[in-house]
Amino acid sequence: MAPKKTKEKAVKKPAKSKVKIESVKKTPVKKTAKKEVKKTSPAPAPTESGKMDIIKQFATKSGDTGSPEVQIALLSHKINKLVDHLKSNPKDNHSRRGLLGMISKRRRLLSYLQKKAVERYKDVIKKLDLSK
């Protein structure tokens, strides 16, 4: 008996191009003058003296840096600076997310202060000119 013949698929090979590829000489890249980009300076964070002024104004006693009044005042200062930054940079969504976090934290601190001491809450609202 003769062995059975199996069908083999013909594989097409890509046609070889007859054009020789010569080595390409690398040309040096020309350096062009950089375009001047108008940079706006970022909103400055509260300086140590500015931060200390806010702390002195809202502190309930000497050495007080962690009371809700001080934290709310510092957050309000940062929020105002960031709002100004976002007015000139409307596409800065990363900073916008940080702003929303700061606003949420300030709101939580205000609601805490309102529950614990209404008079202190009203005083902070009046000093910072916040609406609530």
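Derivation of every value follows stated rules applied to the coordinates shown; laboratory data play no part. Just so it is clear, the structure is predicted and the values come from calculations on it, not from any experiment. Positions of Cβ are generated from backbone atoms using ideal geometry, with glycine treated the same way; all protein chains shown enter the neighbour counts.
In the structure shown, do any of Lys51/Lys81; Lys56/Lys81; Lys30/Lys91; Lys105/Lys126 have a Cα-Cα gap over 22 Å, and if so which? Mind dumping the intermediate values first?
Numbers: Lys51/Lys81 13 Å; Lys56/Lys81 20 Å; Lys30/Lys91 33 Å; Lys105/Lys126 19 Å.
Pairs exceeding 22 Å: Lys30/Lys91.
Charges at C-beta only: +1 for Lys and Arg, -1 for Asp and Glu. How large is the resulting dipole of segment 48-128 about its Cα centre, in Debye rounded to 20? Can you show the working numbers first?
Working: 19 positive and 8 negative charges, 73 e Å.
So the magnitude is around 340 debye.
Per residue, the convex hull spanned by the Cα atoms of segment 48-128 measures out at 94 cubic angstrom.
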